[in-house]
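Q: Quick one: the structure is below, and I'll ask about it shortly.
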Amino acid sequence: MPDARLVSVDDHVQIAPDAVKQNLPRTLHEEFDAAVAKMAADAAAHLGGKTFAVDVTWQHEAAGRAGYRDARARLADMDRDGLDASVIYSELSAFRVFPRMRAGRQTAARAFNETLAEFAAADPKRLMVAYQLSLDDVGAAVKEIHRLAAQGARVIHLPNYPSELGLPDYHDRIYDPLWSAFSETGIPVHHHLGNSNAMWDLFRRDPTPQAGIYNAMNQMALGENIGFWILPGTLARFPQLKVVIVESGLGWVPFYLATLDRRAKGPFDFPELDELPSFYFHRQMYLTFFDDELGLRLRHALGVENILWSSDYPHPDTTWPHSREVIERQFAGVPADEREKILSGNARKLYGL
């Protein structure tokens, strides 16, 4: 029997800074432009003069699709691939822009979120855009969570590494009102795979043409996020809080969780935890993948209910428009009830679809 229509928990949209400025007071345009330019300059500095030697003769089928920017075209591409709904992340990491502004950070955050809402307006039930917050003022961020929730938001995307933005790490009690707001609204926290300052040194040292060593390590670097949420006790203190780790893949995580559990039994001490670390992962965390046959074989170690599928449209790794074929290959031997949960059921429950 064919699957019900799929739910992808990791796709992308290109939001242009000029589109954000249309929702931003003119008095902040110059400062916003300067912050975007500073973000780009800082990113270039991390590269250290090195570039990706991309084979320009290779093109994936999703490259250049109008659905990257246009919501109606995106819905058509979703229909072509059998997607009922999609969680969509902006390529513009706006939360890297806000801290580079001197003033107007919260205003800029709201303008960015309004721009995302305009994209989703074509079909808000199917286009679940990942809104972003400016965390320099926790009280204002809490108000923005409640404002977004009242408008039907189901996804909020937070920076992976707040310390890189000059902010405390998430175990700091300063964020407790934020976690209460997420818990009360039922909106999960989302962390998407991204570049971290700690990984740039590896990128610069990587001798392979496409930085293959660096790129293979990026997913596993998300173990930092899993560890920071669990081990200092934040998830233990907020048992209703849900956290989605996006584009992590699956296969490496059972080993990581087993390592944490083994060390929690001794000689490591995690005084905020009453249970083994894996307990909090299974209760409150989720992982996304698009092509990970090994990880699916380890699905019971992860928890079938903790796994979410994605198509990663329109990035080079995307399964679009062949998601069904890729699914058939990966899910050979997976029981129908588990398959349904991973491909759509878990996401429908998490996002109230």
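The values are calculated or read from the model by the stated rules, or taken from the named source; none is laboratory data. All figures in this text were calculated on a predicted structure; none of them were measured in a lab. As a convention, Cβ positions derive from the backbone with ideal geometry for all residues, glycine included, and neighbour counts pool all protein chains shown. To get the accessible areas, we keep the full protein, side chains included, count just its heavy atoms, and leave off ligands, DNA and RNA. Shrake-Rupley method; radii C 1.70, N 1.55, O 1.52, S 1.80 Å.
Q: Can you pull the percent of region 55-183's accessible area that's carbon plus sulfur, 1.4 Å probe, other chains left in place?
A: Working: 2630 of 5350 Å².
Accessible surface attributable to carbon and sulfur in region 55-183 totals 49 percent.
Q: If amide H atoms are built 1.01 Å from N in the plane of the peptide, which residues on other chains or at least 5 residues away come under 5 Å of the amide H of VAL246?
A: HIS191, HIS192, LEU193
Q: Any idea what the dipole of region 178-280 comes to, in debye rounded to 20, about its Cα centre with Lys/Arg Cβ at +1 and Asp/Glu Cβ at -1? Write down the numbers at each step before the final one.
A: Values: 7 positive and 10 negative charges, 37 e Å.
For this selection, approximately 180 debye.
Q: Continuing with the same structure: Using mean Cβ contacts within 10 Å as the protection proxy, how do 122-134, 264-276, 16-28 order, highest first? It would help to have the intermediate numbers written out before the result.
A: Values: 122-134: 20.9, 264-276: 12.2, 16-28: 15.4.
Listed from highest to lowest mean packing, they are 122-134, 16-28, 264-276.
Q: Once the dipole of the chain is set up with Lys and Arg at +1 and Asp and Glu at -1 on Cβ about the Cα centre, which of ILE187, SER93, THR318 lies farthest towards its positive end?
A: Of the candidates, ILE187 comes out farthest on the positive side.
Q: Evaluate the relative contact order of the chain (contact order divided by residue number), counting alpha-carbon pairs under 8 angstrom at least 6 apart; express in whole percent.
A: Details: 527 pairs, mean separation 74.7, N = 353.
After rounding, I find 21 percent.
Q: Select from ILE307, ALA264, THR208 the residue farthest towards the positive end of the dipole of region 198-353; place +1 on Cβ of Lys and Arg, -1 on Cβ of Asp and Glu, and compute about the Cα centre.
A: Positive-end residue among those listed: ALA264.
Q: Keeping to pairs on different chains or 8 or more places apart, tell me how many lysine pairs in the chain have Cα atoms under 20 Å apart. Mind showing how you got there, number by number?
A: On the way: LYS21/LYS38; LYS38/LYS50; LYS125/LYS341; LYS125/LYS349; LYS143/LYS242; LYS242/LYS341; LYS242/LYS349; LYS341/LYS349.
Lysine pairs, 8 or more places apart or on different chains, close enough: 8.
Q: About the Cα centre, and with charges only on the beta carbon of Lys, Arg (+1) and Asp, Glu (-1), how big is the dipole of region 37-130? Nearest 20 debye, please.
A: Details: 14 positive and 12 negative charges, 120 e Å.
Dipole about the Cα centre, nearest 20: 580 debye.
Q: Is any helix in the chain, taking whole DSSP H runs, at least 20 angstrom long along its axis by alpha carbon and on average at least 0.0 on the Kyte-Doolittle scale, and which ones? Walk me through the intermediate numbers first.
A: Details: long enough: 29-47 (28 Å, 0.15); 105-120 (23 Å, -0.38).
Within the chain the helices that satisfy the rule are 29-47.
Q: What list of ³J(HN,Hα) values in whole Hz, one per residue of region 10-23 in order, does the Karplus curve 6.51 cos²θ - 1.76 cosθ + 1.60 (θ = phi - 60°) give from phi, with Gly and Pro shown as x?
A: Calculated HN-Hα couplings, in order: 7, 9, 9, 9, 8, 9, 7, x, 5, 5, 5, 4, 5, 9 Hz.
Q: Now a separate question. Non-local amide H neighbours of LEU83 (under 5 Å, H modeled in plane, Pro and chain starts lacking H): which ones?
A: LEU6
Q: Could you check how much of the accessible area of region 245-327 is carbon and sulfur, as a whole percent, using a 1.4 Å probe? List each step's numbers first, then the result.
A: Values: 1920 of 3540 Å².
For region 245-327, the apolar C and S fraction of the accessible surface comes to 54 percent.
Q: For a quick check, take a GNM of the chain with Cα springs below 10 Å and name the residue from GLU31, GLU328, GLU61 with the largest mean-square fluctuation.
A: GLU328
Q: Now, a different point. In square angstrom, what is the accessible area per residue of the chain with a 1.4 angstrom probe? Intermediate values should be presented prior to the final figure.
A: Working: 15700 Å² over 353 residues.
Using a 1.4 Å probe on heavy atoms only, each residue of the chain averages 44 Å².
Q: I've got another one for you. Along the charge dipole of the chain, pointing to its positive end and built from +1/-1 on Cβ of Lys, Arg, Asp and Glu, which listed residue (LEU47, THR115, ASN23) has its Cα farthest out?
A: ASN23
Q: Now, a different point. Which value, in debye to the nearest 20, describes the size of the charge dipole of the chain about its Cα centre when Lys and Arg Cβ atoms bear +1, Asp and Glu Cβ atoms bear -1, and nothing else is charged? Don't skip to the end; give the middle numbers.
A: Numbers: 37 positive and 47 negative charges, 88 e Å.
That gives the chain a dipole magnitude of about 420 debye.
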